[in-house]
Every structure is written in structure tokens, then in C-alpha cells.
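The values are calculated or read from the model by the stated rules, or taken from the named source; none is laboratory data. In this text the structure is predicted, and so the values were computed from the model without any measurement. Glycine gets a Cβ as well: all are built from the backbone with ideal geometry, and neighbour counts include every protein chain shown.
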Amino acid sequence: MPDGLLLLLPVLILVLAAEFVNGWTDAPNAIATVVSTRVLTPAQALIMAVVLNAVGTMSGTAVAMTIGKGIVRPEVINVQTIAAAMVGIVLWGTLARSLGLPTSSTHALVSGLAGASVATAGWSSLCWDGWRKVFLGLGFSTFLGFIGGITIMTAIYWILRKTRPGLIKKIFGPLQMLSAAFMAFAHGSNDGQKFMGVFTLALVMGGVLPEFKIPFWVIVLCALVMGMGTAFGGWNIIRTVGMRLTKLEPVQGFAAQTATGLTIELASHLGIPLSTTHTVNTSIMGVGATRKFSAVRWGVGGDIVTAWIITFPVCALIGWITCLIFKNIF
């Protein structure tokens with residue numbers, strides 16, 4: 001095997017490891033509410049998430065293009081830069097899962113790439129146009145998720161204000177299964193695509209591909225790896241999102257998942273990488289707040305927000321330090 005390919009292979013493995021961690025830590029958000037409301041058993045929800053996350057990943061490439069070409073300048077970085085960024089995602093994602101904290105693989109990815117790129121080629125390596133999409137995605141996931149949860153839940157309360165509670169539960173059990181399936185698909189359409197973009201970027205830098213064009217086999221490979229990560233589950237995260245943040249019934253779960261799925265799908269079509277974790281948690285907060293403000297455990301929400309905030313500097317620092325180490329080794 002030529003030296004270039006020998007160096008590229010471990011980088012590609014690291015990208016797939018980060019995709020696996022993405023399925024491990026982010027994908028449980030898609031099934032947290034449907035498990036907590038007992039509409040589906042954990043095994044049933046897991047199978048659904050694996051299949052629909054994979055299908056969603058294969059549904060487009062707009063987000064992958066943004067990540068692969070719009071966050072850092074490909075012409076000034078190298079495969080070691082990508083490898084360093086992936087190390088940060090794997091380390092941070094593994095720690096967060098052990099603590100039961102739903103962190104954002106999106107923010108881990110972009111901040112890790114930024115830190116490693118700055119170590120490689122300085123601040124000029126960053127593409128500020130792409131970073132505008134990142135910050136737009138932050139607004140999408142935070143505000144649209146929260147407002148969407150409140151709006152959908154309020155509309156349901158008004159439409160069904162004269163309906164018996166028992167009938168509402170009977171109606172929204174099956175509907176929540178559909179909303180959970182929609183959210184799992186949406187998660188794949190955004191989160192799954194991000195690592196397709198990084199994988200393809202590594203292939204271009206390693207000389208395997210002549211230009212940045214995502215092959216179908218890369219789409220399938222990343223979809224399968226994320227599905228495998230989901231299959232291992234993130235039960236600590238499911239408990240935090242679906243049970244500790246606020247008490248959910250099927251109707252609340254339906255509203256939160258629908259708001260999340262719609263927000264993610266809009267972002268995916270616009271090529272905006274956003275955080276599924278942010279979106280589902282803010283949607284759940286919005287849904288809980290419609291019952292009463294104290295129905296949301298804001299202390300748990302504060303822990304989650306803290307994890308979101310520190311993801312940026314932690315992963316950027318890991319990427320920066322790891323890249324400097326790689327530069328001295330290779």
C-alpha cells in the first residue's frame with residue numbers, strides 16, 4: 001500500500017468512529033420521548049431509529065457539502081487536521097455519554113475542525129461564510145425548537161380542549177410513533193450527513209477522489225456506521241432527555257418530536273448544520289412550559305445547556321493540541 005493511503009486509512013477509521021459516536025450520543029434523542037411515554041419498548045424504538053436514521057442519511061447531501069467545503073478551507077489543511085478533529089469528537093462524546101449528558105456532535109465537529117485547522121494553517125483557514133450557517137443553525141435549534149414546541153402543544157390543547165383525556169392518550173399513542181419515526185429520519189438527514197462530508201473531504205485530500213463529490217458508497221457506509229452506533233444505544237441520555245427534563249405523555253411527546261423534526265428538515269434542505277440535541281431539548285422545554293413553567297426541571301436544563309456551551313472550547317482545544325502533536329510526529 002502506498003504511503004499516502006497508509007496514512008489515509010487510520011484517518012478514515014477515525015471519521016467512522018466519530019460517526020459511530022454520533023449515533024451513540026445524538027441518535028438516542030430521536031427515541032427518548034417515545035420510550036419515556038412507553039408508546040414503544042426500548043427494543044422497538046431502537047430498531048426504528050437504526051432504520052430511519054440510515055434512510056435519512058441517504059436522503060441528501062446539502063449539509064455534507066456545507067461541512068466538507070464551507071467550514072474550513074480544504075486547500076490549506078491536510079488529513080492530519082481531519083484526524084485531530086475526529087479525536088476530539090470521540091473523546092468528548094464518550095465522556096458525555098458516560099455522564100448521561102446529551103451533547104451536540106455538530107458543535108463538536110465544527111469546533112474540532114476549527115481548532116485543528118488553526119493549528120495547521122492559522123485563522124485564515126476558517127471559512128466565515130460557512131460559520132454563519134453554523135450560528136444560524138444554533139438559532140434554529142434553540143429558538144425554533146422552543147417556539148415550535150410551544151406552538152404545536154398550544155394548538156393541540158385548543159383543538160382538543162373538549163376531548164376526554166383517555167381519548168387523547170389513545171389518539172396520540174400511534175401518532176407519537178409516527179412523529180418519532182419522522183424525527184429519526186430528520187436526524188439522519190442532518191447529523192448523518194455531516195460525517196459524509198468529512199469522509200469525502202479526507203478522500204479528496206488523500207488523492208482517492210479527484211474532486212469533492214460524495215460517492216454513493218460513502219453515503220451507505222456512513223449510514224450503516226451511524227445505525228450501528230444507534231444500536232448500541234445511549235440509555236443514560238434517553239433518561240435525561242425523556243424522563244428527567246419534564247414529565248411527558250404521548251401528546252407532549254408528539255408535539256416535541258414534530259417540532260424537532262420540522263425544524264431539522266427545514267435546516268437540512270437549506271444546507272444548515274444544526275444540533276439535533278439542542279432542537280429536541282428546547283422543544284421538550286417548550287412543550288413542558290405550556291403546562292406550567294415549573295413543569296420543566298430547569299436545573300436539568302441548565303446542566304444540558306452548560307454541556308452545550310463547553311463543547312465548543314473543549315473540542316476546539318482537543319483538536320488544536322492533537323493536531324500539533326500529529327505535526328511533530330508525521
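Which one of these is under 13 Å from the mean Cα position of the chain (by Cα) and either part of a helix (DSSP H, G or I) or without any contact (Cβ under 8 Å) to a residue 24 or more places away in the chain (or both): Val21, Val51, Val34, Val90? Show your work before the answer.
On the way: Val51 fails: under 13 Å from the mean Cα position of the chain (by Cα); Val34 fails: under 13 Å from the mean Cα position of the chain (by Cα); Val90 fails: under 13 Å from the mean Cα position of the chain (by Cα).
So the residue among Val21, Val51, Val34, Val90 that is under 13 Å from the mean Cα position of the chain (by Cα) and either part of a helix (DSSP H, G or I) or without any contact (Cβ under 8 Å) to a residue 24 or more places away in the chain (or both) is Val21.
Considering only residues that are at pLDDT 85 or above, out of contact with any Cys (no Cβ under 8 Å at 6 or more places or on another chain) and either of a type in the set (Ser, Thr, Tyr) or surrounded by fewer than 24 Cβ atoms within 10 Å (Cβ to Cβ) (or both), which ones fall in region 80-98?
Across region 80-98, the qualifying residues are Val87, Val90, Leu91.
Taking interchain pairs and intrachain pairs at least six residues apart, which have beta carbon atoms under 6 angstrom, with the first residue in region 281-302 and modelled with pLDDT of 75 or more and the second in a helix (DSSP H, G or I) and among the hydroxyl-bearing types (Ser, Thr, Tyr)?
Thr282/Thr142; Ser283/Thr260; Thr290/Thr154
Kindly indicate which of Lys133, Lys194, Lys162, Lys170 is outside any helix (DSSP H, G or I) and either over 17 Å from the mean Cα position of the chain (by Cα) or closer than 28 Å to Leu95 by Cβ (or both). Let's see the steps before the verdict.
Values: Lys133 fails: outside any helix (DSSP H, G or I); Lys194 fails: outside any helix (DSSP H, G or I); Lys170 fails: outside any helix (DSSP H, G or I).
From the options Lys133, Lys194, Lys162, Lys170, the qualifying one is Lys162.
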